[in-house]
């Protein structure tokens, strides 16, 4: 399984020593639920097998290693994520885990464009400041949502 490696790597849930803390971008709904989540060194929601929040984890965490630019309507990814070569290779297969992930993310983005558009821009601004982003090849742009 593609994302099983994430529990071993844990890069996305840790902040390297000497780097500023990472405030996880939360949707309006998630802010009500969590208040805030700040990763100073290790995310306190990180367990031995990955995120203990499971399906309740913040959307920005589910989105990672991808990033979405709401102005350009394009996807990029964290160049330092070791999963990405496998992820990109899987995008040619519409039944793959990577394609399923991208489809899920796209559906959620279309909902957020209507319900919480500020989140999308805030998250992207954090991503471009914090990660070295590369364009995601083969990714179809999401269809614009109806407002």
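The values are calculated or read from the model by the stated rules, or taken from the named source; none is laboratory data. Being a predicted model, the structure only gives us computed values, none of them experimental. As a convention, Cβ positions derive from the backbone with ideal geometry for all residues, glycine included, and neighbour counts pool all protein chains shown.
On the stretch given as the range 53-67, residues that are in contact with a strand residue (DSSP E or B) (Cβ under 7 Å, 6 or more places away or on another chain) and either farther than 16 Å from residue 83 by Cβ or part of a helix (DSSP H, G or I) (or both) total 2.
Residues are listed down the side, and each one gets a yes or a no for (1) surrounded by 14 or more Cβ atoms within 10 Å (Cβ to Cβ); (2) more than 11 Å from the chain's Cα centre (by Cα):
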position	(1), (2)
67	yes, no
88	yes, yes
111	no, yes
116	yes, yes
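Checking each residue in the range 68-82 for being part of a strand (DSSP E or B), touching a helix residue (DSSP H, G or I) at 6+ places or on another chain (Cβ under 7 Å) and within 20 Å of residue 16 (Cα to Cα) picks out only 77.
Residue 85 meets the conditions (1) modelled with pLDDT of 85 or more; (2) touching a strand residue (DSSP E or B) at 6+ places or on another chain (Cβ under 6 Å) in every case but one. The failed one is (2). The C-beta contact set for the range 126-138 (first residue assigned to a helix (DSSP H, G or I), second residue surrounded by fewer than 16 Cβ atoms within 10 Å (Cβ to Cβ), distance under 9 angstrom, 6+ apart or interchain) comprises 126/23; 130/19; 130/20.
For residue 123, state whether it is surrounded by 15 or more Cβ atoms within 10 Å (Cβ to Cβ), at pLDDT 95 or above and not in a strand (DSSP E or B). It is true that residue 123 is surrounded by 15 or more Cβ atoms within 10 Å (Cβ to Cβ), at pLDDT 95 or above and not in a strand (DSSP E or B).
Listed conditions (1) more than 14 Å from the chain's Cα centre (by Cα); (2) assigned to a helix (DSSP H, G or I); (3) farther than 28 Å from residue 16 by Cβ are all met by residue 95, apart from (2). Quickly run through the range 8-44 and pick out the residues that are modelled with pLDDT under 85, surrounded by 12 or more Cβ atoms within 10 Å (Cβ to Cβ), in a helix (DSSP H, G or I) and over 15 Å from the mean Cα position of the chain (by Cα). 9, the sole residue that qualifies.
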